[in-house]
Amino acid sequence: MNAKEKQSEFVKIYLKPTLKNFGYQTSGNTWWKNKGDFFIIINLQNSQWNSKEKLSFCFNIGIALTEFIKDPNKKRATHFDILTYTREGIYLSENRRKGKYREDGWLGYLITEKTDLNDFISELKIDFENEILNTLEKLKTLKDCVAFYGEMEFWGDILKEQIKKIEHKNIL
């Protein structure tokens, strides 16, 4: 199996079913979870320099305020709706940021023709289930989102500003 086929298999046998079990819906390489006032969005982004033999990818993760998503029915969010645009490293503990399949990736994770798919899935399972999804599951309200993203100077400020716009609009 080449690297691209291994990535496709990883998405098919691990990522999609896992995110579905956590309540995420999907379209292509984007998953979202509607939390009422906001959506949690996870997007798999491939590097433009990938080849069949070697590829690197990352996850763009963040929230979108339901008020501002582009879907007129407010049922679906895309990676273009993300307000707190962060990568998976923000959600990983220090020791997982330099993980086995992250140290040589130029964008995030790295898969090659030689990558053991089962081992890769085992490593990603630790990142997703123990760290990324564990953190995202704690975001139940906008207050939770402000508490988490407020630690990040730029994204926290943007989030607070957008929430104020909603609150101001609702007062009028």
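The values are calculated or read from the model by the stated rules, or taken from the named source; none is laboratory data. In this text the structure is predicted, and so the values were computed from the model without any measurement. So basically every Cβ, Gly included, is an ideal-geometry build from the backbone, and we count neighbours across all protein chains shown. Areas reflect the complete protein model, heavy atoms only, side chains present, ligands, DNA and RNA absent. Shrake-Rupley method; radii C 1.70, N 1.55, O 1.52, S 1.80 Å.
Structure above, values below:
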quantity	calculated
Count - residues of the stretch 1-29 that are within 16 Å of Asp119 (Cα to Cα), open to solvent by 20 Å² or more (accessible area, probe 1.4 Å) and of a type in the set (Phe, Trp, Tyr)	0
Candidates Leu83, Leu159, Leu110, filtered to the one that is hydrophobic (A, V, I, L, M, F, W, C) and in a helix (DSSP H, G or I)	Leu159
Yes/no for Lys140 being open to solvent by 100 Å² or more (accessible area, probe 1.4 Å) and assigned to a helix (DSSP H, G or I)	no
Filter result (assigned to a loop (DSSP other than H, G, I, E, B), charged (D, E, K, R) and either under 11 Å from the mean Cα position of the chain (by Cα) or over 24 Å from Glu5 (Cβ atoms) (or both)) within the stretch 37-80	Asp37, Lys70, Asp71, Lys74, Lys75, Arg76
Scope the stretch 30-45; condition free of Cβ contacts under 8 Å to residues at least 60 places away in the same chain and open to solvent by 50 Å² or more (accessible area, probe 1.4 Å); matching residues	Asn34
Test set (1) farther than 24 Å from Gly150 by Cα; (2) outside any loop (DSSP other than H, G, I, E, B) - Ile90 fails condition number	(1)
Long-range neighbours under 7 Å by Cβ, at least six apart or interchain, first residue closer than 12 Å to Ile42 by Cβ within the stretch 16-28, second at pLDDT 95 or above and of a type in the set (Ser, Thr, Tyr)	Lys16/Thr26; Leu19/Thr26
